[in-house]
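Structure first, commentary second.
The values are calculated or read from the model by the stated rules, or taken from the named source; none is laboratory data. This is a predicted model, so every value here is computed, not measured. Here Cβ is always computed from backbone atoms with ideal geometry, including for glycine, and neighbour counts include all displayed protein chains.
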Amino acid sequence: MFSQLLALIAIVCVAGLAYFGLIDRENRYDIFDLLSGRPVTAVIGAEDPIVGQAEAEPLLRAVPLDLNDTGILEKVNVALSDLTDAVVPSVVSIDTTTSVNVTRVVPTDPWGLFGYRQNEKYDAPGLGSGVIVTEQGHIVTNHHVVAGVDQIKITLHDGSVYAAEWVGSDPVADVAVLQIQTPEGGELPKFRPLGFGDSDSVRVGEMVLAVGNPFGLNETVTRGIISAKQRELSDGSNEYFQVDAVINPGNSGGPLVNMRGEIIGISVAIFTGQQDVRVWQGIGLAIPANEVKEVFEAIVLGKPLIRGYIGLELTNISRNYAIALGLNSTQGALVTNVVKGSPAEEAGLKPGDVIKQFDGKGAKNAEDTLSRIRAKKSGEVVDILLIRKGESMQTSVSVMAKSDTNTLKLRSDIAASGQAVVEALGIEVSNLTSEQRVALGLNDSTAAVLITKVRKGSQASQRFRKGDLIHRINQDPVTDVTTFYDLLGSLPQDKTTEMILTRDGRVIRAFLNP
């Protein structure tokens, strides 16, 4: 038995040696190969080429995707680049400077128990964007970008920097108009303006480009779509486009353009959402171009801002609300508020009413109804079919013109008001010449204007004299006659104004009552 087991083991060993030594020689590399000088294969698992067989395919190779046609995508890509090249030269960077006066206490002892107040002044920088809309260099931006600033600088596409003048604003709409100033002894380049598109025809889902200056990164272009329209559902307040194009601080005032390169909105804000969420949340807001254009024409061309108004706040009808009221559809507009003293109140409309028809046509939703209200002219009588507590009712309302012209702030009005103040005071002023500054010992940076005439018997005759220098009004420097008029034209109506003058080197403080 033992001898049979040994014989079986011997047979297995001989068979194994025969297989590894003779049969599987080509698929392995062992000590016998090394002793015999057989070369090592360069790539693990690679086989020696066989004579007459084509060369083996490489391990990694580029395989083209099996796409039917990429021509359309390539055309879209080129078109977007061409659109960007056409739009970007009309977008400007706006850098502002605001003089800020602060008062700090300077301690005079190591323990800080005693001290004195010291006034300090510094320049606070600001940043925004704008778009050129006329060949004369008019720029549209946001009111909040330039509100209350002391200096405005514009950087063009080619990197050149120019001073800009504030022409006017509509703070309610948050739209401002600037104009690039011709440099002294120079001339302005030829501007390429962008035109306004019809924002009423913009559809949700339409592709747009947002161009601006976020965080000082000039000429940043982002792409997205119109996510929603008319986010503020009130015919007495602003309504915005919602976009998902990336908009960040510094984009304010930059254009939102459609695929034809037309301005369909002006970027105004970003949605911050939860304060603890520190990431971009994909929601930007833009003022529709038609409203921007109306404000621009009111400021530059003097056209009145007249819009239809009846004093309603509306919202869309939810499915649950429709079921609760027994309505067979969600079409219509739900009245959420009626302004006191408005045409809507006089017509008997109340919160909770559902407007089903406006001016003989079905009311689709709140947005549609509000848009049609604004399109009406003053004095038009409109029939409204509504449902109140399940009962159909009909009433008529007379549309009134809600003119926003009263909300406009115009530099021309401020200058005219300042000139009127100067006339009422009874003085005349002029800028200082270089010779006069040398004679008075003033350098070019000293803010001052010269009183050249004081009318006899006027208010100014009691305090002012010919030859006095006016330096500041309420801490604001009077650099020239234009600034002097502007400061007087925008004096606070509820505070006494202080005017700082010098006479023969002696400081004089004059006070103007409201």
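Some values worked out for this structure:
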read-out: Residue that is within 17 Å of the chain's Cα centre (by Cα) and modelled with pLDDT under 90, where the choices are LEU127, LEU80, LEU65; value: LEU127
read-out: In the stretch 434-458, the residues that are farther than 24 Å from SER99 by Cβ and in contact with a strand residue (DSSP E or B) (Cβ under 9 Å, 6 or more places away or on another chain); value: GLN436, THR452, LYS453, VAL454, ARG455, SER458
read-out: Any hit, the stretch 173-187, residues being of a type outside the set (Ser, Thr, Tyr), in a helix (DSSP H, G or I), in contact (Cβ under 8 Å) with a residue 60 or more places away in the chain and touching a strand residue (DSSP E or B) at 6+ places or on another chain (Cβ under 8 Å); value: no
read-out: Residue check, ASP359 in contact with a helix residue (DSSP H, G or I) (Cβ under 9 Å, 6 or more places away or on another chain), over 30 Å from VAL140 (Cβ atoms) and without any contact (Cβ under 8 Å) to a residue 40 or more places away in the chain; value: yes
read-out: Number of positions in the stretch 370-403 that are of a type in the set (Ser, Thr, Tyr) and in contact with a Gly (Cβ under 8 Å, 6 or more places away or on another chain); value: 3
read-out: Count of residues meeting criterion [in a loop (DSSP other than H, G, I, E, B) and crowded, with 17+ Cβ neighbours inside 10 Å] in the stretch 289-327; value: 6
read-out: Hey, LEU349 touching a Phe, Trp or Tyr at 6+ places or on another chain (Cβ under 8 Å), over 28 Å from ASN142 (Cβ atoms) and modelled with pLDDT of 90 or more or not; value: no
read-out: Filter pass, THR330 being part of a helix (DSSP H, G or I), of a type in the set (Ser, Thr, Tyr), within 35 Å of the chain's Cα centre (by Cα) and farther than 30 Å from VAL246 by Cα; value: no
read-out: Residue that is farther than 30 Å from ASP174 by Cα and either exposed (fewer than 13 other Cβ atoms within 10 Å of the Cβ) or modelled with pLDDT of 85 or more (or both), where the choices are VAL422, VAL399; value: VAL422
read-out: Flag if ALA415 is at pLDDT 85 or above and outside the structural domain of ASP123 (by TED's automatic domain parsing); value: no
read-out: One residue from LEU469, LEU432, LEU440 being surrounded by fewer than 17 Cβ atoms within 10 Å (Cβ to Cβ), farther than 16 Å from VAL421 by Cα and not basic (Lys, Arg); value: LEU440
read-out: Lone qualifier among ALA448, ALA366 - being assigned by TED's automatic domain parsing to the domain that holds SER490 and either hydrophobic (A, V, I, L, M, F, W, C) or surrounded by fewer than 18 Cβ atoms within 10 Å (Cβ to Cβ) (or both); value: ALA448
read-out: Hits in the stretch 492-511 (condition: surrounded by fewer than 18 Cβ atoms within 10 Å (Cβ to Cβ) and in contact (Cβ under 8 Å) with a residue 24 or more places away in the chain); value: THR497, GLU498, THR502, ARG503, ILE508, ALA510
